[in-house]
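Encoded as structure tokens, the structure appears first; notes follow it.
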């Protein structure tokens with residue numbers, strides 16, 4: 001038997017799926033906000049850090065090189081995303097809530113993680129599989145960066161992401177442990193798990 005959500009809502013006292021207009025929280029009534037990442041931010045970051053820079057090197061691509069590039073990418077992204085030109089209301093609200101509650105993980109950190117994914121891999125399928133005040137897990141289903149690395153014979157692409165996210169954690173003012181798991185078949189499936197260290 002299928003569950004009819006409309007009937008369930010009426011039973012629970014909510015006659016519709018819509019929040020009543022007089023119950024909506026509006027800080028600035030009549031003001032609409034854009035919540036998408038600005039394309040200009042992506043263009044600005046990729047102009048300074050083109051993805052091809054990962055593969056245009058003289059010699060072998062080492063873990064040190066990937067880590068250095070990951071840190072460089074995230075530093076550029078954070079600088080631009082927090083600049084006056086691109087800092088948006090979402091960033092301001094996340095920071096305001098973090099200051100009021102004293103809880104910076106996962107939201108302040110997660111903003112940088114998500115911006116990183118959207119900037120480098122805007123067409124990839126990914127999701128946040130867990131987000132608590134202790135753990136954040138982000139799963140990519142077809143990581144285009146990982147696939148490019150496999151095509152170039154690079155099997156340790158996670159080094160780039162791990163280093164980038166360490167920079168994000170430092171900027172967010174938290175200490176985390178990061179674990180990584182990926183599908184050995186090269187399908188692009190991988191998951192990063194960020195665990196807040198005790199005392200952070």
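We did not get these values from a lab; they are worked out from the coordinates using the rules stated. From a predicted model like this one, the values you see are computed outputs, not experimental measurements.
Quick notes on this structure:
- Here the contact order of region 38-196, divided by its residue count and restricted to Cα pairs under 8 Å and six or more residues apart, works out to 27 percent.
- Between region 37-101 and region 123-140, the Cα center-to-center distance that results, in Å: 18 Å
- Rh (Kirkwood; distinct C-alpha pairs) - region 38-196, Å: 16.1 Å
- Multiplying the residue separation of residue 39 and residue 155 by 0.36 nm and subtracting their alpha-carbon distance yields 38.7 nm.
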